[in-house]
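Student: Submitted below is the structure of interest, expressed as structure tokens.
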Amino acid sequence: MKPSLEPFFNPETVAVIGASATPGKIGHTVMDNMLSAGFAGRLIPVNPKGGEILGIEAVTGVADLPMGVDLAVIAVPRRFVVDTVRELGKTGCRSVIVITAGFKEVGHKGYELEQELAGVCRDAGMALLGPNCLGMINSPAGVNASFSAASPLPGDIAFFSQSGALCVAILDWARGAGIGFSKFVSLGNKALLDEADMLEYLDADPDTSVILGYIENVENGSAFLRQAAATTRNKPVIMIKSGSTAAGAKAASSHTGAIAGSDSAYGTAFRKAGVIRVRDVEALFNLALAFSEQPLPKGPNIGIVTNSGGPGILAADAAVKHGLAVSALNPRTVARLQEFLPGYAAFHNPVDIIGDADAERYAQSMEVVAEDPSVHSLLVLLTPTAVVGIEDTARSVARVAAKCNKPVFACFIGGRRVGPGREILREAGVPCYDFPAAAVESIHAMHDHAVRRNRPQPEFADIRGDVAAARAVLDESRRRGELEVVEFHAQKIAQAYGLDVPDTVLARSTEEAIEAGESIGYPVALKIASPQISHKTDVQGVVVNLKDAAEVADAFAEVTARAARMRPDAYIAGCLIQEMAPKGSREVIVGFKRDDQFGPLLMFGLGGVYVEIVKDVALRLAPLSKQDAFEIVREIRSYMLLKGIDGGPHANFDKLQDVILVMSQLAVDLPEVLEAEFNPVLVGPDRAWWRTCA
């Protein structure tokens, strides 16, 4: 069983191992921080020299501690850490923070020492934070078990980070910005406690309403996904994931493997779990303050009030770009605005109250627009004209926002002149932004979170493939020493899952090719068959629309000769003869790559140039629900080509979604398959079938 984190976050007794009377040393800073935070429990410094540290008598060793210490903070040299923790385990200590560095971050020896440390804690049932961390702060409990330079302001935002240096910088910046925290945790090397543990605890924490995180990697992807999905149903989780490039990714033999890199996997995992991903610290706290200070919008419609037309247009454009709506105002709302606004004002959303607007005009306009039933959130824009009273207007915005049951956001555009107004809004709990786009991004994130919370539990299709038959094909390929399953053999796996596949015959001679063409019925396609040639177009190994026996014979001779010449290393088994797809069919690609952290990452997109060059694809983590399959098809930019344009044939979306769900199930059923593709899948009005790779 996992140890409880209550003694960790809310300790009654705290021991500081390596406490020091010398200012500047970590053991002294931890002691000073605990006292400065107002810790009401028992604080015990441990130092071999004994004496008094910051007015508290020190004990000389772990053996002198009382039984059952709730939390021990360890700041001793690395060589003493494991033995110290082992001694603490014997005293019934319930949790430890190891600030000391020099573990897995420095190489193999450090890694082995960290594994030993984790094992000692696991055996003793102790929670372990770190090693190599800044420590932990719980503001409501008066606990600052860290060596941070300052304590945070109180608040309802929780933050955890793998980077201790980032923790220090954010604490300093947040104090200057007036942002407070309920919990502040430096995870360090995550030998035991990790992001999933933090999410689980913070989900139930009554002092936390918004959870923020900075992560560099996730060790246990399935545990993270499971917990994050549960937590985001209750509270917003907003994260920065560093390392967004594909550098260091493993070589991949499929299109899916080449496109579905590590950063794609993290982005898709966050989306699946409902985690809001941001790219920088500014966006992280923009969103945190919005969620912390305003109610969730009940719909996508934004009402905009501005004293300048340009910013109003920018805000409207940003809203549409993010899938929100600048809704038409109710005629009654327009009539009320006309009662007090100048005749040359703009009475329709965005409502332009003109550059000479004063605080009272702002307040009246906000109240009227906010009362419109079609408006779900209100955005107030101000540019510092010569006549506008910035501070008075800020107070008016704050006053209306306090009475409004809808989220209110402000954007005071400018620098020094609007600074006092922004400060008034910040103190009143109204998020204020430099430019409209950032404000709209916050509204969009809050709306998405609200929609996800109200979404029903996903429904999964009941797909039962013949796993034994599929695995037999894999086993046979292994016996032949092949790392890839291609051609005719791969088609057998598709058939084991009930996929619609074209009539296909493996022809080893010209005569067999002609027989196959006659049997299938012309026109047919001919493709080179070789376990070493995955992409047949590389050797010009595909010929389509063969209309008779003579064309089949000529194509067989040309294709096999060319393949043998261009790939002398490849075994040429012959050619595949296949029925042609119905006219008007579209080519799509459905594939997956197994990510190290999160499992099968499924990709969908149009085939041909769209995947090769444009990379117009959508991604989801398996298993996919029915809703996932519906959404992934409609997410690609070229969706309208599948839907049919200018009266052309449209794809059978039900059949296509079935193919996607089969690929998802195959990925779950066959964990030994690292990558797979159905490429191309030919989709027409009546069928969606997989044709072996071109």
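Student: Out of the residues in region 592-608 that are small (Gly, Ala, Ser) and in a strand (DSSP E or B), state the one that is surrounded by the most Cβ atoms within 10 Å (Cβ to Cβ).
Tutor: GLY605
Student: So ALA145 fits all but one of (1) without any contact (Cβ under 8 Å) to a residue 60 or more places away in the chain; (2) crowded, with 19+ Cβ neighbours inside 10 Å; what number is the exception?
Tutor: Condition (1) is where ALA145 drops out.
Student: Sticking with this one: I'm trying to understand the selection: among the residues of region 515-560, which are surrounded by fewer than 19 Cβ atoms within 10 Å (Cβ to Cβ) and of a type in the set (Gly, Ala, Ser)?
Tutor: Residues satisfying the conditions are SER519, GLY521, SER534, ALA549, ALA550, ALA553, ALA557.
Student: Could you count how many residues in region 196-225 are at pLDDT 95 or above, part of a helix (DSSP H, G or I) and within 13 Å of the chain's Cα centre (by Cα)?
Tutor: Adding up the residues that qualify gives 2.
Student: With respect to ALA363, is the statement that it is closer than 21 Å to PRO331 by Cα, in contact with a Cys (Cβ under 7 Å, 6 or more places away or on another chain), modelled with pLDDT of 95 or more and surrounded by fewer than 24 Cβ atoms within 10 Å (Cβ to Cβ) true?
Tutor: So ALA363 fails the test.
Student: So, restricting to helices (runs of 4 or more DSSP H) that lie completely within region 426-499, which ones have at least 3 residues that are under 31 Å from the mean Cα position of the chain (by Cα) and of a type outside the set (Lys, Arg)?
Tutor: Qualifying helices (runs of 4 or more DSSP H): 436-454.
Student: In region 226-237, what residues are over 15 Å from VAL185 (Cβ atoms) and not in a helix (DSSP H, G or I)?
Tutor: THR232, ARG233, ASN234, LYS235, PRO236
Student: Using the structure shown, decide if PRO623 is surrounded by fewer than 22 Cβ atoms within 10 Å (Cβ to Cβ) and within 20 Å of the chain's Cα centre (by Cα).
Tutor: Yes: the conditions hold for PRO623.
Student: Hey, another quick one. Checking the condition closer than 29 Å to ASN454 by Cβ and surrounded by fewer than 20 Cβ atoms within 10 Å (Cβ to Cβ), which residue from LEU324, LEU296, LEU329 passes?
Tutor: LEU296
Student: Return only the number of the condition from (1) outside any loop (DSSP other than H, G, I, E, B); (2) farther than 21 Å from LYS190 by Cβ that VAL81 does not satisfy.
Tutor: Single failed check for VAL81: (2).
Student: Residues of region 389-411 being buried (at least 24 other Cβ atoms within 10 Å of the Cβ) and out of contact with any Cys (no Cβ under 9 Å at 6 or more places or on another chain), which ones?
Tutor: Answer for region 389-411, where residues must be buried (at least 24 other Cβ atoms within 10 Å of the Cβ) and out of contact with any Cys (no Cβ under 9 Å at 6 or more places or on another chain): THR393, ALA401, PRO407, VAL408.
Student: Quickly run through region 282-304 and pick out the residues that are small (Gly, Ala, Ser) and in a helix (DSSP H, G or I).
Tutor: ALA283, ALA288, ALA290, SER292
Student: Something else about it: Only one residue in GLY414, GLY421 is assigned by TED's automatic domain parsing to the domain that holds PRO300 and either surrounded by fewer than 16 Cβ atoms within 10 Å (Cβ to Cβ) or at pLDDT below 95 (or both). Which one?
Tutor: GLY414
Student: Applying the selection to region 153-194, what residues are assigned to a strand (DSSP E or B) and without any contact (Cβ under 8 Å) to a residue 60 or more places away in the chain?
Tutor: Matches in region 153-194: LEU153, PRO154, ALA158, PHE159, PHE160, SER161, GLY180, PHE181, SER182, PHE184, VAL185, SER186.
Student: Checking GLU476 against (1) within 23 Å of MET580 (Cα to Cα); (2) at pLDDT 90 or above; (3) not aromatic (Phe, Trp, Tyr): exactly one of these is not met. Which one?
Tutor: Single failed check for GLU476: (1).
Student: Being in contact (Cβ under 8 Å) with a residue 12 or more places away in the chain, small (Gly, Ala, Ser) and under 22 Å from GLN338 (Cα atoms): is that true of GLY414 here?
Tutor: no
Student: Assuming LEU192 fulfils every condition listed in (1) at pLDDT below 95; (2) in contact with a Cys (Cβ under 9 Å, 6 or more places away or on another chain) apart from one, which condition is it?
Tutor: (1)
Student: Just to confirm my filter: which helices (runs of 4 or more DSSP H) fall fully inside region 609-694 and include at least 2 residues that are within 18 Å of PHE598 (Cα to Cα), touching a Phe, Trp or Tyr at 6+ places or on another chain (Cβ under 7 Å) and not basic (Lys, Arg)?
Tutor: Counting at least 2 such residues, we get 653-669.
Student: Across region 78-109, what is the number of residues that are touching a residue at least 12 places away in the same chain (Cβ under 8 Å) and either at positive phi or not basic (Lys, Arg) (or both)?
Tutor: Matching residues across region 78-109 total 20.
The values are calculated or read from the model by the stated rules, or taken from the named source; none is laboratory data. In this text, all values refer to a predicted model and were calculated from it rather than measured experimentally. When we count neighbours, we look across all protein chains shown, and the Cβ atoms used for this are built from the backbone with ideal geometry, even at glycine.
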